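Only one structure is covered here, and it is reproduced in the block below.
The values are calculated or read from the model by the stated rules, or taken from the named source; none is laboratory data. This structure is a prediction, so every number in the text was calculated from the model and none was measured. All Cβ positions, even for glycine, are placed from backbone atoms using ideal geometry, and neighbour counts span all protein chains on display. Heads up: the accessible areas ignore ligands, DNA and RNA and are worked out on the full protein's heavy atoms, side chains in. Shrake-Rupley method; radii C 1.70, N 1.55, O 1.52, S 1.80 Å.
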Amino acid sequence: MQFTRPRGTRDFLPEEMAKRRYVEDVIRKVFESFGYGEIQTPTFEKLELITTKSGEDIRNHLYHFEDKSGRKLALRPELSAPTMRLYVNELRIRPKPRKIYYFENCFRYERPQAGRYREFWQAGVELIGSDKPESDAEIIYLAAQTLQELGIKEYEINIGHIGVFRKFLEKSGIKEEGQNTLMGIIDKADKEALQDALNQTGISKENKETLLKLINLTGTKKVLKEAEELLKDFGTEELKKFAETLDLLETFGLKDYTINFGIARGLDYYTSTVFEIAIPTLGAQKQVCGGGRYELIQAFGGGQTPSCGFAFGFDRIMLALEIQGQKLPTKEKTKVLVIPAPKELLKDAIKIANKIRQHTSCEIDLMGRKLDKAMNYANNENIPYVVIVGEEELKDGKVVIKNMKTGEQQKTKIGEIKNAVG
Ligand code: AMP
């Protein structure tokens, strides 16, 4: 019986893995250059940890199960909640801010399509313990800088502020739960559903209109003035904080972004600055990054701890680089194939291969093939050098080295193979 992969999952061959590891490395280096340190958390967590503050969208797409002792568990759909749990368990007493990053697989039971999988990888950071606008600015800049270092040519950064909405909705008499529902709908940009939901809240006609105008505000910094005008009767302190963040972001060096008050993010724990990055060439699944400021630690019993962070969808970054035609390093090929000829010299060949491996990558013929067949294998696999272990040469402590590209052959002392294969 032949088995296939579960739907929505992928296999990665060595060539693809080499590219993924290369890109992963670039991302890690950028995160680390800003002082973030890597953590690893379990692949599955208690179901309740995941459902406590995540948005509806995530709750509907969970892989969850009971273990043999009846514990309710879930495969992680994202890493903010596990990271916050880890912080409360392990890092609470350490100096602030804590700067953490992760690079892990996540699981969501979604309808698979290009750029949307049931197992995918997220690379993200969390900056825990600072409520300062420079922290918001730093993470947005860090996300942009990562794409820059990866050589992504075209991307769009949209920045919004949920705090502005929450304040407005609160002053319009809508409680947190109602706010979360509205945020979820705004995130999906479903105008009809939004009208229905707003009608159910009993919000006044004028306030409803103000909200709809606010959601559609998008553009350069001048839209802050328009927002200020719209919100002048509701308090503008959240807007002032937003302006400060944007000002610092420009000092960091990021000027190319769009303010978009329609960004709401689908998760319940965001509190103020929110942002998304899209790569237009990816089509329907173009969003590669989402993040912002949130409060999760309190819900996990850790006391109020303002935090911000973001997550990149790593698989979509890989797709974007491919579409862009970016050349990425492929797997370092095996440098040397050692062939015993005749095969009775296998043991000598094994010892010689072990010596070569101290300096470079080396395979030994494991199929017991004749010399010409083993040479064909080296050719097909693009292995640049073949070391032939033959009786005559071995008597003098030598082997024959063949350069597969030029066809040149030379006898070399075993101790000097290293120099001959460069
Ligand atoms: P989210 O936690 O939903 O904001 O996701 C963060 C990022 O992960 C998104 O911007 C996507 O790039 C990526 N992502 C989310 N879901 C999937 C999925 N099913 N397949 C691939 N990437 C995903």
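Which of the chymotrypsin sites (Phe, Trp or Tyr not before Pro) found in the range 54-93 are loop residues per DSSP with 11 or fewer other Cβ atoms within 10 Å of their Cβ? The qualifying sites: there are none. Over the residues of the chain, the helix contribution to mean residue ellipticity at 222 nm works out to -12000 deg cm²/dmol, using -39500 (n - 2.57) for each DSSP H run of at least 4. Between M367 and R116, residue separation times 0.36 nm minus the direct Cα-Cα distance comes to 86.3 nm. Helix 162-171 axis versus longest C-alpha principal axis of the chain: approximately 20°, rounded to the nearest ten. Relative to the dominant Cα principal axis of the chain, helix 133-150 is inclined by about 30°.
Using equal-weight Cα scatterers in the Debye expression, the normalised intensity of the range 145-282 in log10 at q = 0.09, 0.17 Å⁻¹ is -0.28, -0.93. On a per residue basis, the range 314-422 carries 62 Å² of accessible surface, using protein heavy atoms and a 1.4 Å probe. May I ask for the angle, rounded to the nearest 10°, between helix 14-33 and the longest principal axis of the chain, with both axes built from Cα atoms and the value confined to 0 to 90°? Here the helix axis deviates by roughly 50 degrees.
Each Cα pair under 8 Å and six or more residues apart adds its separation to the average, and for the chain the resulting relative contact order is 16 percent.
Rolling a 1.4 angstrom probe over the range 91-239 with all protein chains present gives an accessible area of which 46% lies on carbon and sulfur atoms. Stretching Q326 away from A193 to a fully extended chain increases their span by 43.8 nm, per 0.36 nm per residue minus the current alpha-carbon distance. Give, to the nearest whole percent, the P(r) tail of the chain beyond 39 angstrom, counting all Cα pairs. Summing the P(r) of the chain above 39 Å gives 37 percent of all pairs.
Excluding ligands, DNA and RNA, what is the solvent-accessible area per residue of the range 6-103 at a probe of 1.4 Å, expressed in Å²?
Ligands and nucleic acids excluded, the result is 57 Å² per residue.
Note on A299 and F252: their simple-model spin labels are 2.4 nm apart, each label 7 Å out from Cα toward Cβ. Ordering of 127-136, 192-201 by packing is 127-136, 192-201, highest average first (other Cβ atoms within 10 Å, averaged per residue). Solvent-accessible area per residue in the range 162-222 equals 58 Å², computed with a 1.4 angstrom probe and all protein chains kept. Placing pseudo-labels 7 Å out from each Cα toward the beta carbon at K395 and E170 gives an inter-label distance of 9.3 nm.
Summing charges over neighbours of G422, with a neighbour being any other residue whose Cβ is under 15 Å away from its Cβ, gives +2 when K and R count +1 and D and E count -1. Full extension of the chain segment joining D25 with K411 gains 135.0 nm, where the gain is 0.36 nm per residue of separation less the Cα-Cα distance.
Using only alpha carbon pairs under 8 Å that are at least six residues apart, calculate the relative contact order of the range 183-279 and give it in whole percent. Relative contact order of the range 183-279: 45 percent.
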